[in-house]
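A short worksheet on the structure shown next.
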Amino acid sequence: MALDTNNDSNNNNNNYHPSNGGNHDFAVSSDPTLTVENLSKVFESAAGRVVALRRINFTVNKGEFVSIVGPSGSGKSTLLNILGALDKPSFGKLFIGGIDIFLLSDKEIARMRNNLIGFIFQSYNLISRTTVQRNVEIPSIIARMSSKERANRSLRLLEILGIATKAKFKPASLSGGQQQRVAIARSLMNNPTIILADEPTGNLDTKTGNEVFDLLRLLSSKYRRTIIMVTHNAELAKKTDRSIYIRDGQIEKEILY
Amino acid sequence: MLNIKEIFILSFESLTDRKVRSILTILMVMVGSALLIAVGGIGASFTDAFSKQFRNLAPNILFISSSQQSQQGPGGGVGGAGTPPPAPKITLNAAIVNRIHSLPFVSDVISTYRGSVTVQSQSESKTDSILSMDPQKLLVIAPTLEYTDGSTLQPNNPSSMIVAQNVANPPGDANPFLVLGQSAKLTYSFVDSTTGQQKEESKNFIVTGIIKETGNPTIDSAIVINLQAGNSLLQKSGKFDSLFVIAQTSNFVDVVEQEIRSLYGNNIGITTVKAILKTIEQFTGQINAFLNSIAIISLVVGAVGIITTLYTAVIERTREIGTLKAIGAQNSDILALFLVEALLIGIFGATIGLLAGIGFGYGLSATVVPGNGSSSPPIYTANDMARVWMISVGLSIVAGVVPALQASRLLPVQALRSQ
Ligand SMILES: Nc1ncnc2c1ncn2[C@@H]1O[C@H](COP(=O)(O)OP(=O)(O)OP(=O)(O)O)[C@@H](O)[C@H]1O
Ligand SMILES: [Mg+2]
């Protein structure tokens, strides 16, 4: 089963128009590469100055599965948050599909996140008071997808991820692995081209972690999603297309597998 | 961007997620608007009841009272509810009546005796107030006064009594207490000033007239007998209880008041309709303002409750707000979610408060509001209720603004980092 079988109605999710018919018009799926240029991030606080990232440069191609590896505190999450435009760099630029993201307004950035990017967090970040299915639907509710299409799509995603029977349950009644599958389903809801995952297996045991990882692997190989995953599990990193090693906020090395 | 319907669904979900807290907050808003509604209703009926009492008074009348009048309690005298006159030391007798009558701009002086009697009709007896005066002058005091069919004025008949509709047919009673043409025995009880003994004076009267309701409580609760009959039944020996001084026009009321003052100084109680109305307005205005301020304070307390509840919710849901933003929610979406939560609390609180306030007002008016025995029900107007509803809801939204802004301005990374 394909994630985008109902492509007719979902096509607009693939076509991102940051300025409503302005000069940026383009179809991301034609060139969804992500590029960072000279990215630096400095945290200023009362306790002092922390340089979390220094002059980071790399490019991720469409459909590529990239892992970001490094010790604790090396700046992996900081980098991933900037890639998802959740945070702004102190210096440097981020291009997604050729667009200089941080030149966009906050509104446009939020819209881009909604349409182009799927987030998966280490601790799932599901909304506990509502059902699994509604959790999965939230990105499409923000995107104003029709409720019928929403229901079809969320159920199909839950089926693909093997948790369709849990659709009407509250997240708290699910195991960690199941909750992470819900989060993955949610990240796929608006058919994004890029998936950003910060230690998605970090809270799971090895076996469940491997299962969740295999799902991501499948998204990349079969459905050609671009995936950037932070991990400090070297075994898992080896199974991705490429690893970017980070130490003290700098790229230490890159390994192509 | 979320659409309106989804914002309401999501906000409602978060309200029901924290049921107890939401209900308590709704209760806080409810108490405020219920109080406002109840107080407004009672205040309106209060003002209405008082203004009804004095609406039918001719504006050219001055009330002169003697010390005896104060024994009759509130509402006993037509001028009784105004500022209590300083205890007068002058006996209101025929000489004083003539003196006042001779003053310029005075067209008439109506003297009255007052007292309480037991009325016996067949086997039943009731206590009623006597207004002893020239029955022909009733129309001067209450220009709108009307009699029922079959009534006759017999001003010189000392056995004739004219009774108010409420006396003849006491409200709530199945059968009339007095009917036209019947005879009834009036008994006045008093303490003999020389012997100190309890004594009674009785006389039979015939009901010759029934006065339709006038809106003037003195007349509406009175039995009118002429001066001769009043003087002997109530043992007054020519000492009047109160005088109605009729000025030629209402413009002369102040002049006449000054004239009487210059004659008798502070030894006489003078009340004018103008002064009464002014006092009533001040009095009801103050009471309403006081009650309203209590209600407003409790509404503000409700608003503070909303601020606290939403502020707590923002803290609790910081991570969720971060997640929503990561998923693509706009700042305006987050703002709307919390504002609508405040709005829903306001709508629930105000609506329940409205209904509770109506009931509460009826309960309060039955116990608290002073009336002439009969309780006046609160008056609720659609306008007042709509106003209170909108004030409550509006205040709730205003209370939601600060927490909602705080939530919408959270930076996604920081929100996600919080545990
Ligand atoms: N908001 C902040 N204010 C100040 N310093 C920060 C902030 N966020 C991150 N840092 C610092 O930046 C550095 C990188 O942090 P980051 O969270 O990116 O590390 P990480 O590689 O994700 O670590 P882990 O594997 O433990 O998750 C750390 O030294 C951290 O203390
Ligand atoms: Mg991290």
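The values are calculated or read from the model by the stated rules, or taken from the named source; none is laboratory data. Since the structure is predicted, the reported quantities are computational estimates derived from the model, not experimental observations. All Cβ positions, even for glycine, are placed from backbone atoms using ideal geometry, and neighbour counts span all protein chains on display. Note: accessible area is taken over every heavy atom of the protein model, side chains too, but ligands, DNA and RNA are not part of it. Shrake-Rupley method; radii C 1.70, N 1.55, O 1.52, S 1.80 Å.
Under the rule of at least 5 residues apart or a separate chain, name every residue whose amide H is placed under 5 Å from the amide H of A:Ser90.
It is A:Ser40, A:Lys41, A:Val42, by chain and number.
Kirkwood Rh over Cα pairs of region B:113-234 into Stokes-Einstein at 25 °C, 0.890 mPa s: D in µm²/s?
Rounded, D is 169 µm²/s.
Nearest 20 debye, what's the magnitude of the dipole of region B:113-234 about its Cα centre given +1 on Lys and Arg Cβ and -1 on Asp and Glu Cβ?
With only Lys, Arg, Asp and Glu charged at Cβ, the dipole is about 200 debye.
To the nearest 0.05, how large is the calculated FRET efficiency for B:Phe283 and B:Leu153 if R₀ is 30 Å and r is the Cβ-Cβ distance?
0.25
Can you tally the net charge around A:Met145? Count Lys and Arg as +1, Asp and Glu as -1, for every other residue whose Cβ sits under 11 Å from the Cβ of A:Met145.
Its environment carries a net charge of +1.
Name the residue farthest towards the positive end of the dipole of region B:179-321 from the options B:Asn231, B:Thr195, B:Ile270, assuming +1 on Cβ of Lys and Arg, -1 on Cβ of Asp and Glu, about the Cα centre.
Highest projection toward the positive end goes to B:Thr195.
When we measure straight from the Cα of B:Lys19, which aspartates and glutamates land under 17 angstrom away, once same-chain ones fewer than 8 places off are left out?
Within the straight-line cut-off, B:Lys19 pairs with B:Glu316, B:Glu341.
Please list the equivalent ellipsoid semi-axes of chain A, computed as the square roots of five times the alpha-carbon gyration tensor eigenvalues, in descending order and whole angstrom.
So the equivalent ellipsoid measures 28, 23, 17 Å along its semi-axes.
Share of antiparallel DSSP beta bridges in chain B, in percent to the nearest 5?
80 percent
In cubic angstrom, how much convex hull volume per residue do the alpha carbon atoms of chain B span?
Enclosed volume per residue, from the Cα hull, is 204 Å³.
List the residues whose amide H sits under 5 Å from the amide H of A:Gln122, counting only those 5 or more places along or on another chain, with H placed 1.01 Å from N in the peptide plane.
So A:Gln122 has HN proximity to A:Asp198.
Evaluate the charge dipole of chain B about its Cα centre and quote only its size in Debye, nearest 20, assuming +1 on the Cβ of each Lys and Arg and -1 on the Cβ of each Asp and Glu.
800 debye
Distance between the C-alpha centers of region B:203-226 and region B:4-67? Whole Å please.
First find each Cα centre; the distance between them is then 38 Å.
Dipole of the protein assembly as shown (Lys/Arg Cβ +1, Asp/Glu Cβ -1, origin at the Cα centre): which of B:Leu131, A:Ser243, B:Ser408 lies farthest to the positive side?
Positive-end residue among those listed: A:Ser243.
Let me know the Kirkwood hydrodynamic radius for region B:264-397, please, with Cα pairs as the basis and the value in Å to one decimal.
This gives a value of 18.9 Å.
In nm², what is the average projected area of the convex hull enclosing the Cα atoms of region A:182-257?
With every direction weighted equally, the projected area is 5.4 nm².
Structure shown: which of B:Lys137/B:Lys236; B:Lys236/B:Lys278; A:Lys168/B:Lys5 lie over 27 Å apart, alpha-carbon to alpha-carbon?
Over 27 Å apart, Cα to Cα: B:Lys236/B:Lys278.
When we measure straight from the Cα of A:Lys166, which lysines land under 24 angstrom away, once same-chain ones fewer than 8 places off are left out?
A:Lys148, A:Lys207
From the phi angles alone, apply the Karplus equation (6.51, -1.76, 1.60; θ = phi - 60°) to region B:165-174 and give each ³J(HN,Hα) in whole Hz, x where the residue is Gly or Pro.
So the Karplus estimates, Gly and Pro as x, are 3, 5, 7, 5, 10, x, x, x, 7, 6 Hz.
In sequence order, what are the phi-derived ³J(HN,Hα) couplings for region A:104-121 according to the Karplus relation 6.51 cos²θ - 1.76 cosθ + 1.60 with θ = phi - 60°, rounded to whole Hz, with x for glycine and proline?
Residue by residue, region A:104-121 yields 7, 6, 4, 4, 5, 5, 4, 5, 5, 4, 5, 8, 9, 10, x, 9, 10, 9 Hz.
Share of antiparallel DSSP beta bridges in region B:113-234, in percent to the nearest 5?
75 percent
For B:His101, A:His232, write out the residues from largest to smallest accessible area, computed with a 1.4 angstrom probe and no ligands counted.
My answer, sorted largest first, is A:His232, B:His101.
Return the inverse of the average 1/r over all pairs of distinct C-alpha atoms in the protein assembly as shown, which is the Kirkwood hydrodynamic radius, in Å to one decimal.
By the Kirkwood definition, the hydrodynamic radius is 32.2 Å.
Considering only B:Pro171, B:Ser151, B:Asn204, whose Cα is most displaced toward the positive end of the charge dipole of region B:113-234, charges sitting on Cβ of Lys, Arg (+1) and Asp, Glu (-1)?
Farthest towards the positive pole: B:Asn204.
Would you tally the net charge around B:Thr148, using a Cβ to Cβ cut-off of less than 15 Å, leaving B:Thr148 out, and scoring K and R as +1, D and E as -1?
-3
Looking at the protein assembly as shown, send over the antiparallel percent of its DSSP beta bridges, to the nearest 5.
70 percent
Taking H as built 1.01 Å from N, whose amide H comes closer than 5 Å to the amide H of B:Phe177, not counting residues under 5 places away?
B:Asn169
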